[in-house]
Amino acid sequence: MLVIDGWSAGFLSSYGTAWLETPALNQLAAQSILVEHATVETLNLDQLYRSWFRAAHPLAPEDGFDLAAQLAQVGVPLHLLTDEALLRDAAGSFGLASAEFLPCSEPQITEHEDETELARIFALVCDWLDSDGGDELIWAHARGMAGAWDAPLDYRRSLAEDEDPEPPTYATPPSSRPEGKIEPDELLGLSQAYGGQVLLIDTLLEELLATIGALPVDRQPLLIITSSGGIPLGLHRQIGRDAALPLALFSNLTQTPLMLRLPGAAQGLTRVQSLASSSDLPATLLAWFAAPQPTRAADAARSLLLLDLPPRDRTLCATGDDLYLRTISWGARVSSDGKCQLFGKPDDRWDVNDVANRCQQITPLAIELAQQTRDAIQQGAPLPELPKELTQGLA
């Protein structure tokens, strides 16, 4: 399990981006089950990990379920490997077999990709693949785009045209909430710096895939690569994530890449168009290791490897007082004051065109469903019925 924080689905060619050449990521997509519409259920990292390790939505009531303990009962230890100190509290609350925290120094541009923060994580995962320790789960979490933007500058320069300004040289991700228009050169520099980190992921992934491919099929692991939420790069007047700055939920933050590579690349070239949520990941791991699932009266989580199961009809991301509801046809951001921004899906992938005022029959339904879904999850109750209007897109 490899989680790269801050990595948005909008920066992969397999999700529609044409300006980044990422052959290793393309190879992974071709060898994997690729989930087109995966939603993270909160952008609060501590809450997200607690929800992952208890196999539940972050808003769901506590019931004592422990993913690590459940896996240990079937002989599968769960090891956490991370460079994110914020996960210490969550890690200490569950029965992990081990938790290794890699120290981080002051962010600075490196001369070679092997010196980057991400490279340390990938190297340790590759070392683990070379060992034969039996069934176990390595859960590797990288600060990724939320950490140092430390790829060599040549990665950024490769994304610049001859007439472009020199790409920025900062290694600390910028964070601001501009009041007015953001200058085009600033947006360009942001995309180049961020894109350089995506190229770094691609370079490191090439070695990881080669290491897996060199193993006999019966020793190849299930490899899951995803993100714990994106980082805004100017869209919706938001740049970067910072605890001191407000963060409005939009799909560029809540939609994450999600690819599952089975041993021998079985079921490769499978693209799943139905909705998936972050709490489906622990359900997938429990199913993979044949461990019992939580017994809850109301739980929408399901294994992403069981492609014949009925799909989710909605996902809900909750961060602070903001809600982001997604159905197959709509995305709705509902703020704490009950106001709603509405976006037609799947065409408006990144929530550019707010149609709340044009769809005055849909908007109140979306607000009500988001709030009722939140309340039902908090109470451990069945989800409210989805109005048929929220399954039908723009005419």
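The values are calculated or read from the model by the stated rules, or taken from the named source; none is laboratory data. Predicted, not measured: the structure shown is a model, and the values here were computed from it. Note that we place each Cβ from the backbone using ideal geometry, even for glycine, and neighbour counts take in every protein chain shown.
Residue-level check: of (1) in contact (Cβ under 8 Å) with a residue 24 or more places away in the chain; (2) at negative phi; (3) not acidic (Asp, Glu), ALA55 misses just (2). Of the residues GLY189, GLY213, the single one that is farther than 22 Å from SER32 by Cβ, more than 21 Å from the chain's Cα centre (by Cα) and in the same structural domain as SER278 (by TED's automatic domain parsing) is GLY189.
Say we look at the range 95-110 and pick out the residues that are under 18 Å from THR172 (Cβ atoms) and either of a type in the set (Asp, Glu) or in contact with a Gly (Cβ under 9 Å, 6 or more places away or on another chain) (or both); which of these is surrounded by the fewest Cβ atoms within 10 Å (Cβ to Cβ)? In this case the residue turns out to be GLU106. Remark: SER336 falls outside the filter, which requires a residue to be in contact with a Phe, Trp or Tyr (Cβ under 9 Å, 6 or more places away or on another chain), among the hydroxyl-bearing types (Ser, Thr, Tyr), assigned to a loop (DSSP other than H, G, I, E, B) and surrounded by fewer than 23 Cβ atoms within 10 Å (Cβ to Cβ). For the range 136-149, indicate whether the set of residues that are of a type in the set (A, V, I, L, M) and in contact with a Cys (Cβ under 9 Å, 6 or more places away or on another chain) is non-empty. Yes.
Within the range 318-333, the set of residues being not in a loop (DSSP other than H, G, I, E, B) and not polar (S, T, N, Q) comprises ALA318, ASP322, LEU323, TYR324, LEU325, ARG326, TRP330, GLY331, ALA332, ARG333. Filtering the range 250-263 for residues that are part of a strand (DSSP E or B), farther than 23 Å from GLN31 by Cβ and not assigned by TED's automatic domain parsing to the domain that holds SER335 leaves an empty set.
Scanning for something farther than 20 Å from GLU385 by Cα, in a helix (DSSP H, G or I) and hydrophobic (A, V, I, L, M, F, W, C), does the range 241-249 turn up at least one residue? Checked the range 241-249: no residue is farther than 20 Å from GLU385 by Cα, in a helix (DSSP H, G or I) and hydrophobic (A, V, I, L, M, F, W, C).
So which residues in the range 366-379 are closer than 11 Å to PRO61 by Cβ and within 24 Å of the chain's Cα centre (by Cα)? ILE377, GLN378, listed by residue number.
So which residues in the range 109-164 are at positive phi and assigned to a helix (DSSP H, G or I), if there are any at all? Scanning the range 109-164 gives a single hit, GLY144. Within the range 300-324, residues that are closer than 10 Å to LEU275 by Cα and not assigned by TED's automatic domain parsing to the domain that holds SER277 sit with their Cβ atoms under 9 Å from residues that are at pLDDT 90 or above and of a type in the set (Phe, Trp, Tyr), at 6+ positions apart or across chains, in these pairs: THR315/TYR324. Restricting the range 358-375 to residues that are among the charged types (D, E, K, R) and at pLDDT 95 or above, the residue that is surrounded by the fewest Cβ atoms within 10 Å (Cβ to Cβ) is ASP375.
The set of residues in the range 276-299 being of a type in the set (S, T, N, Q) and either in contact (Cβ under 8 Å) with a residue 24 or more places away in the chain or not assigned by TED's automatic domain parsing to the domain that holds LEU137 (or both) consists of SER277, SER278, SER279, THR284, GLN293.
Remark: pairs (first residue in the range 118-130, more than 14 Å from MET1 (Cβ to Cβ); second residue of a type outside the set (Ser, Thr, Tyr) and in a helix (DSSP H, G or I); Cβ separation under 7 Å; 6+ apart in sequence or on different chains) = LEU118/GLY144; LEU118/LEU200; LEU118/ILE201; LEU118/LEU204; ALA119/GLU113; ALA119/LEU204; CYS126/GLU207; CYS126/LEU208. Taking the condition at pLDDT below 95, more than 22 Å from GLU207 (Cα to Cα) and of a type in the set (A, V, I, L, M, F, W, C), does TRP52 pass? Against the criterion (at pLDDT below 95, more than 22 Å from GLU207 (Cα to Cα) and of a type in the set (A, V, I, L, M, F, W, C)), TRP52 does not qualify. Out of ALA60, ALA55, one residue alone is in contact with a Pro (Cβ under 7 Å, 6 or more places away or on another chain) and crowded, with 17+ Cβ neighbours inside 10 Å. It is ALA55. Residues in the range 209-221 that are within 12 Å of GLN31 (Cβ to Cβ) and either touching a residue at least 24 places away in the same chain (Cβ under 8 Å) or of a type in the set (Val, Ile, Thr) (or both): LEU209, ILE212, GLN220.
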